[in-house]
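Below: the structure, in structure tokens.
Derivation of every value follows stated rules applied to the coordinates shown; laboratory data play no part. Just so you know, these numbers come straight off a predicted model, no measurement behind them. Every residue, glycine among them, receives a Cβ derived from its backbone with ideal geometry; neighbour counts consider all protein chains shown.
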Amino acid sequence: MAWNIVLSKVMTVLWLLSTVVTQAQSNSRPWSPFKSVPKDLASKFTRNPQALSLASNDFGKIVHKTPKAVFEPHSVKDISALINFSNSLPNPFTIATRGRGHSVSGQAMTRDGVVLNMTHLNAFKHGSRIKVVCDGKSSWGCYADVGGEQLWIDVLNATLKHGLTPLAFTDYLYLTVGGTLSNAGIFGGTFRFGPQIANVLELDVVTGKGEFVTCSPEKNSEVFYAVLGGLGQFGVITRAKIPLGPAPTKARRVHLLYSDFATFTRDQEYIISFNERNDSSEADFLEGRLLLTQLALELSFYPTADKPRITSLVTKHGIIYVLELVKYFDKKSEARVKQEVEDLIKKLHFIPTFKFEQDEGYVEFLQRVHTAETFIDPLGLWNVPHPWLNVFVPKSRIIEFNEGVFKGIVVQQNVTSKSGLYLVYPMNRKKWDDRTSAVTPDEDIFYSVNFFNFATSGYEHAKRFEVQNQLVLKFCKDAGIKIKEYLTGNKTHEEWVEHFGSKWKLIEDRKAEFDPNNILSPGQGIFQ
Ligand code: FAD
């Protein structure tokens, strides 16, 4: 009897050991979910727990999907080979291109397919994948020739070594070139320089058919415009040529506080109107942000002595609107720029005495969101669920939006957070190129409204923000405000058709042309 017990214990231990060993082997060795994989591809599939965990998550921390495998390309050729292999199967598998996975609704994920980890290309430097070219041969002037997997911060740092800079950015630079070009890439400078998708000279793309195409407005333009703002649906962006300009060294940052929304937006529209009229500008950057008691009042920009009176102002009015304008300069232009900024401010209608100015280094300014990240991350306030909502609102309805959404929903719902940011700023449609796949409202000026919610108390907290987001969308629908969502996910097929509106037929045609087996970026849910 005793022997039986010992024997059964030994058997159990042996079984456990063999399971652990088998699992360890399958986790460490290259693994492919498919029979008859071409030899050169087989070693690039992995089910390494770390790779799987990365591919099953994104910045949003709300959607989780585990793929069959992760594909780690060593070169652009591997990407074509992967796509060709999928297309060669009777049932092609889906391929979710992943940049830095800073989407918030699983846009770079797939459950039944393969995640293509673009940043793995960084491990195989066949020469640098960021080059600055000023050869004087092309009409393009200087440009950066960069891999689609590169981060914008690395592009910026490389160009600055030549005294040059890209013009169009996002507020946060730790995103990949391919990732932001698949959306639009907007920030406070968009009214002046256009979105990032309007600042591209040429692309290399591997289409959903596995074809490698170099494209530009002049050459293979159908592919070029399809992938810009194309949500990863038509091809993988493997390289981009980005125009560059002289890099300023400093940024003059001005914050002006308003309690009246109509006055605030009138001043914002006045500032961007210079650009509308003659393509010169009184400002290089214009955003607006809400100071609310619901979100932790982030007042680091303001002098310590002024913080109490700003807090009192917010308490008194419930919402304060901050107009942020920035103008870049260097040593030579410093005196002139500062005078121009002062002249402009005199024409604006903020609350007297609530004007704050400060000079920062150009890079320091562009890195401001990352600086906030490094500050709040150790407090556990950055890597939390992010139920974000981003919408473009036509100018003609923005006052109603303020009443119905900011005052009516956000203040009433009273979902508080220890961090988060709400932005509202205008852009002009003429800086966007309607041939791209991106969609905007049907008015010359529209506002970008960003609810960057941080669910600092976990998933129940995230749900409350999600309810708030749904109320915002419902309010717009009921009021007939024709918004367009930006960076959106979680839509039904019908909602996507409505989202693309008059562009839907074009999007369908592009899909049929460039990804006929419907394998690319299933996480967007457009054709699923
Ligand atoms: P991923 O999340 O990896 O991918 C996004 C989509 O693009 C997926 O569908 C994916 O399949 C596809 N994709 C990725 N790479 C490629 C490629 N090479 N070729 C084709 N398709 C590809 N956006 C703004 O416009 N302005 C902002 O100011 C801004 N600020 C942000 C701040 C933070 C903190 C965060 C987290 C996001 C911000 N975003 C902003 C949103 C951001 O631009 C998008 O989420 C973008 O997709 C992130 O890039 P990524 O490399 O992480 O892409």
The stretch 122-247: equivalent-ellipsoid semi-axes (sqrt of 5 x gyration tensor eigenvalues, Cα, Å) = 21, 17, 15
Would you mind checking Lys137/Lys219; Lys39/Lys209; Lys137/Lys511 for any pair whose Cα atoms are more than 24 angstrom apart?
-> Lys137/Lys511
FRET efficiency estimate (nearest 0.05) - Cβ-Cβ, Arg435 to Leu379, R0 51 angstrom | 0.70
Among Glu202, Glu508, rank each residue by its count of other Cβ atoms within 10 Å, from fewest to most, as a rough exposure measure.
-> Glu508, Glu202
May I ask you to evaluate 6.51 cos²θ - 1.76 cosθ + 1.60, the Karplus curve with θ = phi - 60°, for each residue of the stretch 93-102 and list the ³J(HN,Hα) values in order in whole Hz, giving x for glycine and proline?
-> 8, 7, 10, 9, 5, 10, x, 9, x, 9
For the chain, which cysteines have no disulfide-compatible partner, meaning no other cysteine Cβ under 4.7 Å?
-> Cys215, Cys476
Report the calculated FRET efficiency for Ala335 and Gln413 (r = Cβ-Cβ distance, R0 = 35 Å), to the nearest 0.05.
-> 0.15
Contact order normalised by residue count of the stretch 62-118, Cα under 8 Å, 6+ apart, percent = 52
With a 10 Å Cβ neighbour count serving as the proxy for reagent exposure, in which order, fewest first, do Phe350, Phe401 appear?
-> Phe350, Phe401
For Cys476, Cys134, what's the fewest-to-most ordering of other Cβ within 10 Å of each Cβ?
-> Cys134, Cys476
Order these peptides, 384-397, 431-444, by their mean beta-carbon neighbour count within 10 angstrom, highest first.
-> 384-397, 431-444
Quick one: give the max-minus-min coordinate of the C-alpha atoms of the stretch 39-119 along each principal axis, largest first, in Å.
-> 35, 25, 20
How much net charge surrounds Tyr328 when only the other residues with a Cβ under 13 Å from the Cβ of Tyr328 are counted, with Lys and Arg +1 and Asp and Glu -1?
-> +1
Scan around Ala69 for amide H atoms under 5 Å from its own, H built in the peptide plane at 1.01 Å from N, and keep only partners 5 or more places away or cross-chain.
-> Val115
Calculate, in nm to one decimal, what Ser138 and Asp260 gain on full extension: separation in residues at 0.36 nm each, minus their alpha carbon distance.
-> 39.0 nm
On full extension of the chain, what length is gained from Glu211 through Lys77, given 0.36 nm per residue of separation minus the C-alpha to C-alpha distance?
-> 47.2 nm
Under 12 Å from the Cβ of Leu299, count the other residues' Cβ atoms, weight Lys and Arg +1, Asp and Glu -1, and hand me the total.
-> +1
Length-normalised contact order of the chain in % [C-alpha pairs under 8 Å, at least 6 apart] = 16
Only Lys, Arg, Asp and Glu count, each charged at its Cβ (+1, +1, -1, -1), so figure out the dipole size of the chain about its Cα centre, rounded to 20 debye.
-> 980
Taking Lys and Arg as +1 and Asp and Glu as -1, residues besides Arg397 with C-beta under 13 Å from its C-beta add up to -1
So what's the gap between the Cα centers of the stretch 246-316 and the stretch 220-235, to the nearest angstrom?
-> 35
Can you run phi through the Karplus equation (6.51, -1.76, 1.60; θ = phi - 60°) for the stretch 164-176 and list ³J(HN,Hα) in whole Hz, with x for Gly and Pro?
-> 10, 8, x, 9, 9, 10, 10, 5, 10, 9, 8, 10, 7
With label points set 7 Å from each Cα along the Cα-to-Cβ direction at Lys131 and Lys503, the distance between them in nm comes to 3.2
Nearby aspartates and glutamates by direct alpha-carbon distance to Lys346 (threshold 18 angstrom, same-chain neighbours under 8 apart not counted) = Asp260, Asp267, Glu269, Glu282, Asp284, Glu324, Glu357
The chain: calculated mean residue ellipticity at 222 nm from DSSP helix runs of at least 4, using -39500 (n - 2.57) | -10000 deg cm²/dmol
